[in-house]
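K.L.:
Pasting a structure below so you can have a look.
FYI, it's all coordinate maths here, none of it is from the lab. Here the structure is a predicted model, which is why all the values come from computation and not from measurement. Positions of Cβ are generated from backbone atoms using ideal geometry, with glycine treated the same way; all protein chains shown enter the neighbour counts.
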Ligand SMILES: [Zn+2]
Ligand SMILES: [Zn+2]
């Protein structure tokens, strides 16, 4: 089934919504205007609306023909704290230092388009939950929604989310089972030694030498301790110590990031780091304080739902247009929290135009969402619902 006619007819209207949201970007948990627009439209279309979930989040509940099945469709609404540098865009950001540079304006609009169509047609049996989440860009709005029990309040047999992809051509998509994006964790290490004269190291406990050994030893986690196909990155990105050239400092501070694709590798990495850091310090009569913060878990698609998404995409885009074998990326995505709570899949939708436009990377100051992707994304959501929740 190619692009749904009724949705194709909504393209001009959807483009207006998208450009209005683009011109008024809002940061994570501050999406008051966007969230109000979403809630008002859903209400206007006769959808039951629940506001103030995870702060500015909105859930719309739409019931079709009688049926037990349920599905969750998720879009993110937040923008990034960066200055837009696009030229000649009539709908350029009006909020200095805030920009929709990841296309969440487009994701929100595609889901609104699907909601409008599904509310009009109700050509399905069961319940669709439209989940508009705040704060994907680092704030963990998806995590907060799960903690606020959205899936208990609004049961979903499965949950699906999409992201635009400027690296892929418009009219193509990618979905596959298993890990597709990394866990992104942060850590700090404080090494407490004993300061002293630079000429008399035997009377001091040198945190710089101990820190250097820790930096080197941590590299063995990726190179010697983890299955080479297990994918782990341990990057020490900060090393601070000392203030004078002839003084051994009291303390040294290290910090960095860890990226992993599998929960078991993430657990093992944190445990190995703790052992190496604490025991290296101990071996030198120093003390190390290790703080490891789990930020986003890896995004792991469930096999069955990835297959369901693939079939819906093949129907929409045609044979050969859906990639199912592609390498994961080490970036993070907080839809991962929803995929830990419910089966589901995260899908990449290509947006690069044939003339090469709209190929600029997300998070770039000249990025812009491709409005020609709006009917594709909205049709995908709508056709997935009609396929997964068929009328008797
Ligand atoms: Zn982003
Ligand atoms: Zn994004």
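K.L.:
At a Förster radius of 35 Å, what calculated FRET efficiency corresponds to the Cβ-Cβ distance of residue 264 and residue 33, to the nearest 0.05? Please list the in-between numbers first.
P.N.:
Working: r = 42 Å, r/R0 = 1.20.
With a Förster radius of 35 Å, E is 0.25.
K.L.:
If you average 1/r over all unlike Cα pairs in the stretch 148-196 and invert the result, what Kirkwood radius do you get in angstrom?
P.N.:
Working: mean 1/r = 0.0599 Å⁻¹.
The answer is 16.7 Å.
K.L.:
Could you give log10 I(q)/I(0) at q = 0.20 Å⁻¹ for the stretch 325-392, computed by the Debye formula over C-alpha point scatterers of equal weight, without solvent?
P.N.:
Each listed q corresponds, in turn, to -1.13.
K.L.:
Now, a different point. Out of every Cα pair in the stretch 16-75, what percent are spaced more than 15 Å from each other? All intermediate terms of the calculation are to be shown ahead of the outcome.
P.N.:
Values: 999 of 1770 pairs.
For the stretch 16-75, the fraction of Cα-Cα distances above 15 Å is 56 percent.
K.L.:
Rounded to two decimals, what is Rg over Rh for the stretch 152-228 when you use alpha-carbon atoms and the Kirkwood radius? Let's see the in-between values first.
P.N.:
Values: Rg = 24.0 Å, Rh = 18.7 Å.
Rounded to two decimals, Rg/Rh equals 1.28.
K.L.:
If you restrict to DSSP beta bridges whose two residues both lie in the chain, what percentage is antiparallel, to the nearest 5? Display every interim value, and only then the final one.
P.N.:
Values: 46 of 69 bridges.
Counting DSSP beta bridges with both partners in the chain, the antiparallel share is about 65 percent.
K.L.:
Quick one: length gained pulling residue 271 to residue 48 fully straight, 0.36 nm per residue minus the C-alpha distance?
P.N.:
On the way: separation 223, 0.36 × 223 = 80.28 nm, distance 4.59 nm.
The span from residue 271 to residue 48 would gain 75.7 nm if fully extended.
K.L.:
Mean 1/r over all different Cα pairs, inverted: what Kirkwood radius does the stretch 61-145 give, in Å?
P.N.:
Values: mean 1/r = 0.0680 Å⁻¹.
This gives a value of 14.7 Å.
K.L.:
Taking the stretch 100-210 as the region of interest, what is the percent of Cα-Cα pairs per 5 angstrom bin, listed from the shortest bin to the one with the maximum distance?
P.N.:
Reading upward from the zero bin: 2, 7, 12, 14, 15, 12, 7, 4, 4, 5, 5, 5, 4, 2, 1, 1, 0.
K.L.:
May I ask for the angle, rounded to the nearest 10°, between helix 207-220 and the longest principal axis of the chain, with both axes built from Cα atoms and the value confined to 0 to 90°?
P.N.:
Computed tilt is about 50 degrees.
K.L.:
Could you quote the convex hull projected area for the stretch 1-108, Cα atoms only and averaged over all directions, in nm²? It would help to have the intermediate numbers written out before the result.
P.N.:
Numbers: hull surface 33.9 nm².
That works out to 8.5 nm², a quarter of the Cα hull's surface.
K.L.:
Another question, if that's okay. Given springs between every Cα pair under 10 Å in a Gaussian network model of the chain, which of 56, 108, 237 has the largest fluctuation?
P.N.:
Among 56, 108, 237, the largest GNM mean-square fluctuation belongs to 237.
K.L.:
Given labels modelled 7 Å from the Cα in the Cβ direction, how far is it in nm from residue 353 to residue 325?
P.N.:
3.4
K.L.:
Additional query: Diagonalise the Cα gyration tensor of the stretch 223-295 and give the resulting equivalent ellipsoid semi-axes, square root of 5 times each eigenvalue, largest first, whole Å.
P.N.:
On the way: eigenvalues 153, 38, 23 Å².
Ellipsoid semi-axes (Å, largest first): 28, 14, 11.
K.L.:
Now for a different question. Just to verify a number: FRET efficiency for residue 372 and residue 304, C-beta to C-beta distance, R0 = 35 Å, to 0.05? Walk me through the numbers before you get to the answer.
P.N.:
Working: r = 31 Å, r/R0 = 0.87.
Once the sixth-power term is evaluated, E becomes 0.70.
K.L.:
On C-alpha positions alone, give me the angle between the axis of helix 374-388 and the longest principal axis of the chain, in degrees, nearest 10.
P.N.:
Long axis of 374-388 versus the principal axis of the chain: about 80 degrees.
K.L.:
If I stretch the segment between residue 199 and residue 122 completely, what's the gain in nm (0.36 nm per residue apart, minus their alpha carbon distance), one decimal?
P.N.:
Stretched out fully, the residue 199 to residue 122 stretch lengthens by 19.7 nm.
K.L.:
Along the Cα→Cβ direction, 7 angstrom out, place labels at residue 148 and residue 223. What is the inter-label distance in nm?
P.N.:
4.7
K.L.:
Another question, if that's okay. Jot down the radius of gyration and Dmax of the stretch 118-276, Cα atoms only, both in angstrom.
P.N.:
Values for the stretch 118-276 (Cα only, Rg and Dmax): 23.8, 82 Å.
K.L.:
Once R0 is set to 41 Å, what does the formula 1/(1 + (r/R0)^6) return for the Cβ-Cβ distance between residue 63 and residue 235, expressed as a FRET efficiency to the nearest 0.05?
P.N.:
Numbers: r = 48 Å, r/R0 = 1.18.
E between residue 63 and residue 235, to the nearest 0.05, is 0.25.
K.L.:
Rounded to the nearest 10 degrees, what's the angle between the helix 104-121 long axis and the longest principal axis of the chain, both from Cα atoms, 0 to 90?
P.N.:
Roughly 30 degrees between the two axes.
K.L.:
A follow-up question, please. Tell me, Kirkwood radius of the stretch 248-392 from alpha-carbon pair distances, in Å?
P.N.:
19.3
K.L.:
Divide, for the chain, the radius of gyration over alpha carbons by 2.2 N^0.38 Å, where N is the residue count.
P.N.:
The reported ratio for this selection is 1.14.
K.L.:
So, one more: Based on the mean of other Cβ atoms within 10 Å per residue, sort peptides 6-16, 363-373 so the most packed one is first.
P.N.:
On the way: 6-16: 16.3, 363-373: 18.9.
Packing proxy ranking, top to bottom: 363-373, 6-16.
K.L.:
At 0.36 nm per residue, minus the direct Cα-Cα distance, what do residue 87 and residue 255 gain on full extension? Give it in nm, one decimal, please. Numbers along the way, then the final one.
P.N.:
Details: separation 168, 0.36 × 168 = 60.48 nm, distance 3.78 nm.
Fully extending the segment from residue 87 to residue 255 adds 56.7 nm.
K.L.:
Let me ask something else about it. If neighbour count is taken as other Cβ atoms inside 10 Å, put 122, 153 in order from fewest to most.
P.N.:
Working: 122 15, 153 12.
In increasing order of surrounding Cβ atoms, one gets 153, 122.
K.L.:
Could you work out the Rg to Rh ratio of the stretch 202-243, with Rh taken as the Kirkwood radius (inverse of the mean 1/r over all Cα pairs)? Provide the component values of the computation, followed by the final result.
P.N.:
Details: Rg = 13.7 Å, Rh = 12.2 Å.
Answer for the stretch 202-243: 1.13.
K.L.:
Sum -39500 (n - 2.57) across every DSSP H segment of at least 4 residues in the chain, then divide by the residue count to get the 222 nm mean residue ellipticity, nearest 500. Please report the intermediate quantities before stating the final value.
P.N.:
Working: 11 runs with 131 residues, N = 392.
It lands at -10500 deg cm²/dmol.
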